[in-house]
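As C-alpha cells, the structure follows; a few thoughts come after it.
The values are calculated or read from the model by the stated rules, or taken from the named source; none is laboratory data. Being a predicted model, the structure only gives us computed values, none of them experimental. Virtual Cβ from ideal backbone geometry, glycine too; neighbours counted across all protein chains shown. Please note that ligands, DNA and RNA were not included when accessible areas were found on the heavy atoms of the full protein model with its side chains. Shrake-Rupley method; radii C 1.70, N 1.55, O 1.52, S 1.80 Å.
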Amino acid sequence: ALALVYGWKARLNGALARVYAIASPLLLILMMAMTVLGSSLWFNPLWATTSVGEWPILNLTLLAWGIPTLLSVLALAFLAHPQWLRRISAVFVFFSGMLYLTLMVRQWWQGADISGFAVSNGEQYSYSAVWLLTAIVLMLFGGWLAVARVRQAALLILLVAVLKIFLWDMADLEGLYRAASFLGLGLCLVGLGWFYQHFVLPLATQRDEGEMSGPG
C-alpha cells in the first residue's frame, strides 16, 4: 500500500518526489519477496502446520496471497515503474494469484488446517472449475483492455486446467464414463474456442481501433 502511495506522490513533483520514486519500487520488491520467500515457501500452510482460519475467503490466504496480488495489479495499472520491474510484477501476479485461488479452494474443502496432500474428488474437480472460470474472466478482461499479456495468461491457465482434467481428473474413470468425459472435454474446448473467437478477439480489435482513431 505504501508503494502505491509513494508512487502517486512521486508523480506530484514535490520536494521529496525523487525519494518517493526510489521508495515505491523498493517497497513493491520487498512485498513480493516476503510473499514468495515467507508465505509461499517457508511458512506455506500446505507443509507448515498453521491455522488459516475457518471462514471461507476471509482468512489468512487472503492476507498472504490475495491482497499482495491485488496490490501488485494496482501497481501495474497505475504506477510508472521500470519495465523490468513491471515484468517481474506481472509474473508475480500470475503465480501469486493462481496460488491464492488454489489455496482458497483447498480451505473451502479442508477448513482451517490445509496441510498435507489428501484431496477428495470433489476438491479436485473444484480446482479445475475455478481455473477454467479464471481463464474465461481473464480472456474477457484481456479483450476489453486490449492487453495481449492478459489473454496469454488466460490461455496458459486454460492449458493447465485442460491438462489437469485430461491427465488427473479422468485417471480414475473407466469405460463409458471416460468416453463421455473425453467427449465433454472436447465440446468444452470447442465452445471456448468459439467464445474466444466471437467475443474476446472482437473486443480487443474494437479497443485497438478506438485507441488508433482517437477522439473526434
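Brief remarks follow.
- Which numbered condition R18 fails, given (1) under 30 Å from Y125 (Cβ atoms); (2) without any contact (Cβ under 8 Å) to a residue 12 or more places away in the chain: (1)
- Meets criteria (open to solvent by 30 Å² or more (accessible area, probe 1.4 Å) and of a type in the set (A, V, I, L, M)) for L158: no
- Residues (open to solvent by 60 Å² or more (accessible area, probe 1.4 Å), within 16 Å of T102 (Cβ to Cβ), aliphatic (A, V, I, L, M) and part of a loop (DSSP other than H, G, I, E, B)) located in region 24-79: I57
- When R149, R178 are screened for being of a type outside the set (A, V, I, L, M), at pLDDT 85 or above and open to solvent by 50 Å² or more (accessible area, probe 1.4 Å), only R149 passes.
- Tally, over region 109-146, of residues that are of a type in the set (D, E), in a helix (DSSP H, G or I) and open to solvent by 60 Å² or more (accessible area, probe 1.4 Å): 0
- If you go through region 1-23 and keep only what is under 21 Å from the mean Cα position of the chain (by Cα) and in a loop (DSSP other than H, G, I, E, B), you end up with just A1.
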